[in-house]
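**Student:** A single structure is presented below for examination.
The values are calculated or read from the model by the stated rules, or taken from the named source; none is laboratory data. All values reported here derive from a predicted model rather than from experimental measurement. Because the Cβ atoms are built from the backbone with ideal geometry, glycine has one as well, and the counts that use them run over all protein chains shown. In case anyone asks, the SASA skips ligands and DNA or RNA and just uses the protein heavy atoms, side chains included. Shrake-Rupley method; radii C 1.70, N 1.55, O 1.52, S 1.80 Å.
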Amino acid sequence: MPKVKVNGKEIEVKEGTLLIEAFKQAKEDIAHYCWHPGLSTAGVCRLCMVEIEGNPRLQIACNTVVTEGMSACNNSDKIKETVKWGLDFHLINHPLDCPICDQAGECGLQDQYMKFGKYTPEMSEHKVKKHKVVSLGERVVLDSERCILCSRCVRFTSEVSKTNELGIFNRGDRAEIGTFDGKPLDNNYSMNTVDICPVGALTSKDFRFRQRVWYLKNGTSICTGCSTGCNIKAYYNEEGLFRIKPEPNPDVNVYWMCDKGREIYKHINLDARLTEARSGQAGNWQVRESAECLKEAGDAIRQAVKDVGPTRVAMVLTGQHSQEEYQELVNFYLGDLACREIYHWINNPEQMEEFDGILYRGDRNPNTKGLLGILAKEKVNAPWKQLEDRLNQDSVDVLVVAGPEDPSVFPDLMEKLHLFGKAKKLLWLSSTKSEIVDQVTTPTWQIPLKTFFEKDGTFVNFQGKKQEFKRIATIVPKAMGLTDVTKVLSGRGEGASQGDKSDLDWKKTNFFVQQRGPL
């Protein structure tokens, strides 16, 4: 492997490494806008200038391959002066509207100006006016005046999504990003162009103007939108979650994620959640404590097994929960109850094997592979038709359903609830509230569950790759994990202690005071 000196640091890099990658490997700061590790090299922003020993001219690091013995630096006065003028050219037409720009706080141009700028510009020409608030599609808005024509977004639609909606139109200082006539930016990966835009020219319709980024905290986790298991960052504060962005993982999602996966935060926020346990049936629900309901349900299950045998109780599992939770529930049924009536609810059987060729898969569950692995290990293979027959014959006394965390990917929810309602008693476990469940006429216990955002666990993606995720914060204090649910159901414990408030403790700091002071 070739050795290279970067700002005096000697490092070894892989054959074919670009000089800009060597700078990053050496943890040396280097300015760049157009280069992105997931895209081809364009070399248009001219900010990653370096001096290479033995070369009389400055070079761009993003288009220079490291060779053995190369020595390069970007901390000389000559480089700083060059970068400063490069930055000045980028700012010729860029409006200085950071106070109202949604990218402020995570803008590459803003960061660069604070490092190399903070001077009086010497450009006397008026800024060129361009189009603002241009809707490029369902999810993305363009401000052409902020665009520095780095071409990242154009290369993304050409090289990654391969949908080719974007292009650079016109010439010189009139050049603008735009879409072709009749071809809006509506592909399922369009929001990645917002992620890679370095200057706030492209912003998300869903997120823009809702929060300042410095008021948001983030935590890493796994996307639950499908079986790919993209690595993500969830951004939140005391008001809830506001956006999901991809976290690079070369083995799973590289640098990207789909637009549908970014919407999973919506079913985690409080307004979509089942916040308290309830018992009753349609038109007559009573709010109760979760542990009290689960003890009743556990007694009913054990009594049914004792009176009429283990075939009179059953359990339905969806592919939305963690490995650890499945194992606890299955152990309870197989061990404590000697019951093998465990069924897998496949929410979209016709689309399960679909794949768009990039990341998005037809299996809209994060852990189907893990669930099937546990059922196969325990030799549980009860067919769904068997459950339907038993329910239609009124031969299920208590049915436990570990239901969907995201009901939007369960188009058959109403049909299945109609079927589950044929059991004599139903224990419904889910994190989201549902009017469909509220209409069930069978005596039912509804228990609020934690989402992936609120618990630790492991998902197994479609490849069979195990990915652990950690709790980020709690939104619904009375929600339980399935592991705790099983402890109470089986009579082996009370479950984890439940607090009385959420711990989304990342507070805004600009709350203003409205009380009138003394005169």
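**Student:** Could you give the dipole magnitude of the chain about its Cα centre, charging the beta-carbon of Lys and Arg +1 and that of Asp and Glu -1, in debye to the nearest 20?
**Tutor:** 600
**Student:** Lysines near residue 115 by alpha-carbon distance under 20 Å, same-chain residues fewer than 8 away left out - which ones?
**Tutor:** Result set, ordered by chain and number: 24, 27, 78, 80, 84.
**Student:** Determine, at each q value in 0.08 (inverse angstroms), the log₁₀ of I(q)/I(0) that the Debye formula gives when each Cα of the chain is one equal point scatterer.
**Tutor:** Normalising to I(0) and taking log10 leaves -0.64.
**Student:** Here's a follow-up. In Å², what does the accessible area per residue of the chain work out to with a 1.4 Å probe?
**Tutor:** Heavy-atom SASA per residue in the chain reads 47 Å².
**Student:** Separate question: Residue 386 versus residue 77, label points 7 Å from Cα toward the beta carbon: distance in nm?
**Tutor:** Using points 7 Å along Cα→Cβ, the separation is 8.3 nm.
**Student:** Right, here's the next one. Tell me which lysines have Cα within less than 16 Å of residue 162's Cα, excluding those fewer than 8 residues away on the same chain?
**Tutor:** 183
**Student:** Find the relative contact order for the stretch 74-203 and round it to a whole percent, using C-alpha pairs within less than 8 Å whose residues are 6+ positions apart.
**Tutor:** Rounded, it is 27 percent for the stretch 74-203.
**Student:** Considering lysine pairs in the stretch 420-471 that are 8 or more places apart or on different chains, how many have Cα atoms under 21 Å apart?
**Tutor:** Here the count comes out as 9.
**Student:** A further question follows. Given an 8 Å cut-off on Cα distances and at least 6 residues of separation, report the relative contact order of the stretch 210-309 as a percent.
**Tutor:** Contact order relative to length: 16 percent.
**Student:** Compute the FRET efficiency between residue 127 and residue 163 as 1/(1 + (r/R0)^6), taking r as their Cβ-Cβ distance and R0 = 41 Å, and round to the nearest 0.05.
**Tutor:** 0.80
**Student:** While we're here: Can you give me the distance in nm between label points at residue 415 and residue 97, each placed 7 Å from the Cα along the Cα-to-Cβ direction?
**Tutor:** 4.9
**Student:** Give the cross-link partners of residue 377 among the aspartates and glutamates, using a straight C-alpha distance below 19 Å as the criterion and excluding same-chain residues fewer than 8 apart.
**Tutor:** Candidates past the 8-residue exclusion: 324, 325, 328, 336, 341.
**Student:** If you don't mind, another one. Give me the one-decimal nm value for the distance between modelled label points at residue 287 and residue 239, 7 Å along each residue's Cα-to-Cβ direction.
**Tutor:** 2.5
**Student:** If you build the convex hull over the alpha carbons only and average its shadow over all orientations, what do you get for the stretch 1-53? Give it in nm² to one decimal.
**Tutor:** For the stretch 1-53, averaging the hull's shadow over all directions gives 3.8 nm².
**Student:** Let me ask you something else. Just for the chain, what percent of DSSP beta bridges are antiparallel, to the closest 5?
**Tutor:** 65
**Student:** Also, I was wondering about something else. Which of the GluC sites (Glu not before Pro) found in the stretch 280-354 are loop residues per DSSP with 15 or fewer other Cβ atoms within 10 Å of their Cβ?
**Tutor:** The qualifying sites are 289, 350, 353, 354.
**Student:** Run the accessible area of the stretch 1-88 with a 1.4 Å probe and give the carbon-and-sulfur part as a rounded percent.
**Tutor:** With neighbouring chains kept in place, the figure for the stretch 1-88 is 46 percent.
**Student:** Any chance you could run the full-extension gain for residue 1 through residue 63? It's 0.36 nm times the residue separation minus the Cα-Cα distance, nm to one decimal.
**Tutor:** 20.4 nm
**Student:** Counting Lys and Arg as +1 and Asp and Glu as -1, what is the net charge of the other residues whose Cβ lies under 12 Å from the Cβ of residue 274?
**Tutor:** 0
**Student:** Separate question: Antiparallel as a % of all DSSP beta bridges within the stretch 394-492, to the nearest 5?
**Tutor:** Bridges in the stretch 394-492 are about 25 percent antiparallel.
**Student:** Further question: Could you work out the relative contact order of the stretch 219-374? I mean the mean sequence separation of Cα pairs under 8 Å and 6+ apart, divided by the number of residues, in percent.
**Tutor:** Over the stretch 219-374, the number comes to 23 percent.
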